[in-house]
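What follows is a short report on a single structure.
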Amino acid sequence: MLTITADLHIHTALSPCAEKEMTPQAVLAQAAANGLQMIAITDHNTAMNTVSFCEAAAGGTIFVVPGMEVQTREEVHMVCLFSTPQEALAWQEYIYKHLPPAKNNERVFGVQQILNKKGEVVGIEDRLLLTSTDLSIEEVVNEMNTRHGICYPAHVDRPAFSIIGSLGFIPHDLAIPAVEISRNINRERAVAKFPFIDRYPLLGSSDAHRLAEISQPRTRIYMEELSFAALIEAFKNRRIEVD
């Protein structure tokens, strides 16, 4: 059994609220310097940069999971993880159909940079990403489960853009394998504040929008091998620990 240190919620320069320094080489170097073995790329409502990050990580020491942070119509952020960038991009196509047909205002929200594996800007996404889809929490979770991905609520302890902040609770029938707590709280304080989350495996992620926010690993995942299939099994069997 492998003990994998993970941060499964990191943004890139494609997220308008993230810094331009969030390029493949810089993020991977920072992750390695902090002892991480697995990271997930989870930009707001898009997966465009998962390709370049996976390409940049090939043959290296960091296992990159392609993903996305989806904003539901309840303004709840959900982490969505996939086996391959191609699956993440297929999910992006689905999500784009549920976003409003609005253009990004760079002066208000920031630039949305599409990068290659060298960190060079190869395009600009002009669709507004920092907004809600018209999908409910349940619709996102159910669709993700049909696609055999991993989906769970992000930073549930935060007052904004979290399932607890929006609903005040987590529905018992929501088919999620875990919940994420933010970098601002540890497991002990999170469970003391929200006792009902103790029924789920908890993981802590940085939600990094800048390099300095990629911190020392808090989450340990016990896996048979370093693969997405093994990651799914670890979630199913609650082989996840967080400080």
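The values are calculated or read from the model by the stated rules, or taken from the named source; none is laboratory data. All of these numbers come straight from a predicted model, not from anything done at the bench. FYI the Cβ positions are ideal-geometry reconstructions off the backbone, even for glycines, and counts take in every protein chain you see.
Mind listing whichever residues of the range 130-140 are assigned to a loop (DSSP other than H, G, I, E, B) and surrounded by fewer than 22 Cβ atoms within 10 Å (Cβ to Cβ)? So that I can check it myself, show each step before the final result.
Our first condition is that a residue be assigned to a loop (DSSP other than H, G, I, E, B); within the range 130-140, this holds for 130-136.
Across the range 130-140, the qualifying residues are L130, T131, S132, T133, D134, S136.
Rundown of residues vs (1) part of a loop (DSSP other than H, G, I, E, B); (2) among the acidic types (D, E), yes/no style:
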residue: I114; (1), (2): no, no
residue: G119; (1), (2): yes, no
residue: N142; (1), (2): no, no
residue: C151; (1), (2): no, no
residue: D157; (1), (2): yes, yes
- Message: Pairs please, first residue from the range 121-141 and under 21 Å from A175 (Cβ atoms), second anywhere and surrounded by 14 or more Cβ atoms within 10 Å (Cβ to Cβ) and hydroxyl-bearing (S, T, Y), Cβ atoms under 7 Å, 6+ apart in sequence or on different chains.
- Response: T133/T72; L135/T72; S136/T72; I137/T72; V140/T72
- Message: Name the residue that is nearest to A57 (Cα to Cα), counting only residues in the range 193-228 that are touching a residue at least 40 places away in the same chain (Cβ under 8 Å) and of a type in the set (D, E).
- Response: E225
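Where residues in the range 143-172 are among the polar types (S, T, N, Q) and without any contact (Cβ under 8 Å) to a residue 60 or more places away in the chain, which of them is farthest from E233 (Cα to Cα)? Working first, answer last.
First, the residues of the range 143-172 that are among the polar types (S, T, N, Q): 145-146, 162, 166.
Now restrict to residues that are without any contact (Cβ under 8 Å) to a residue 60 or more places away in the chain: 145-146.
Details: N145: 14, T146: 16 Å.
This residue is T146.
So, F53, is that one modelled with pLDDT of 95 or more, surrounded by fewer than 22 Cβ atoms within 10 Å (Cβ to Cβ) and of a type outside the set (D, E) or not?
On the way: modelled with pLDDT of 95 or more: yes; surrounded by fewer than 22 Cβ atoms within 10 Å (Cβ to Cβ): no; of a type outside the set (D, E): yes.
No.
Looking only at the range 190-243, which residues are polar (S, T, N, Q), part of a loop (DSSP other than H, G, I, E, B) and either crowded, with 22+ Cβ neighbours inside 10 Å or under 18 Å from the mean Cα position of the chain (by Cα) (or both)? So that I can check it myself, show each step before the final result.
Let us first name the residues in the range 190-243 that are polar (S, T, N, Q), namely 205-206, 215-216, 219, 227, 237.
Within this subset, residues satisfying the condition of being part of a loop (DSSP other than H, G, I, E, B) are 205-206, 215-216, 227, 237.
Correct list: S205, S206, S215, Q216, S227.
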